[in-house]
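Step one of this worksheet: look at the structure below.
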Amino acid sequence: MVKVPDRYFRPYISSEEIQQAVEHIALEIGRAFEGECPLFLVILNGSFMFAADLMRYLPIDCEICFVKVKSYSGMSSMGVVEELIGIDVPLRNRPVIVVEDIVDTGHTLNAILNQIAHQQPSQIRVACLLHKAEATQYPLHLDYVGFEIPNKFVLGYGLDYDGLGRNYNEIYQLDED
Ligand code: 5GP
């Protein structure tokens, strides 16, 4: 068990299992995009570790761009609006692969995909390390998924709790007992 900072988390997915899953995704992407030089759009902060390992295993040329989601209360009835900031390359007519750490309700990814679609890439694919299918409220197509997990809070391997735990090599699950 680890204590971060006041809650207990138990080991859930080992470093070896993560590396195997990430390598598998990288090789699949490599096969699907051979000769195409896709652009990876990495959603910060949580995806930094997943993205770094994905790049290490990727057998093809690619470009990478790190972006952030800025949330603010919109004037519309939609409530919180998610805006993608930091895209510094044109997406038009090129294959884009969105890299997300975790898809929970799917709200963030749904907003990101809508914004990217406006820029008319030739293809949009999604690679996410973790997916909480029970929690997802949008009909999202996730092309590459590392692990389907239950609707419980996790941390480590880029994911934080209260700003901490991002540096762990493995993934931990909140101990609710
Ligand atoms: P969504 O919009 O899909 O509900 O949530 C996406 C974001 O919420 C993720 O990118 C992540 O930052 C955060 N999140 C969702 N579930 C978890 C979790 O179990 N642990 C951590 N650390 N963050 C989570």
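The values are calculated or read from the model by the stated rules, or taken from the named source; none is laboratory data. Computed from a predicted model, the values in this text were never measured in an experiment. Here Cβ is always computed from backbone atoms with ideal geometry, including for glycine, and neighbour counts include all displayed protein chains. Surface areas here come from the heavy atoms of the whole protein model, side chains and all, with no ligands, DNA or RNA. Shrake-Rupley method; radii C 1.70, N 1.55, O 1.52, S 1.80 Å.
Quick look at the numbers
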| quantity | calculated |
| --- | --- |
| So T105, is it of a type in the set (S, T, N, Q) and crowded, with 18+ Cβ neighbours inside 10 Å | no |
| Total residues in the stretch 47-94, condition at pLDDT below 95 and assigned to a loop (DSSP other than H, G, I, E, B) | 11 |
| Residue check, F40 within 12 Å of the ligand (Cβ to nearest atom), within 18 Å of Y144 (Cβ to Cβ) and either open to solvent by 10 Å² or more (accessible area, probe 1.4 Å) or touching a residue at least 40 places away in the same chain (Cβ under 8 Å) (or both) | no |
| Strands (runs of 3 or more DSSP E) wholly inside the stretch 95-176 containing at least 2 residues that are of a type outside the set (V, I, T), at pLDDT 95 or above and within 21 Å of I85 (Cα to Cα) | 95-103, 123-131 |
| Out of Y138, Y161, sole residue that is aromatic (F, W, Y), over 29 Å from R31 (Cβ atoms) and open to solvent by 20 Å² or more (accessible area, probe 1.4 Å) | Y161 |
| Odd one out for V4, checked against (1) modelled with pLDDT under 95; (2) within 16 Å of the ligand (Cβ to nearest atom); (3) open to solvent by 30 Å² or more (accessible area, probe 1.4 Å) | (3) |
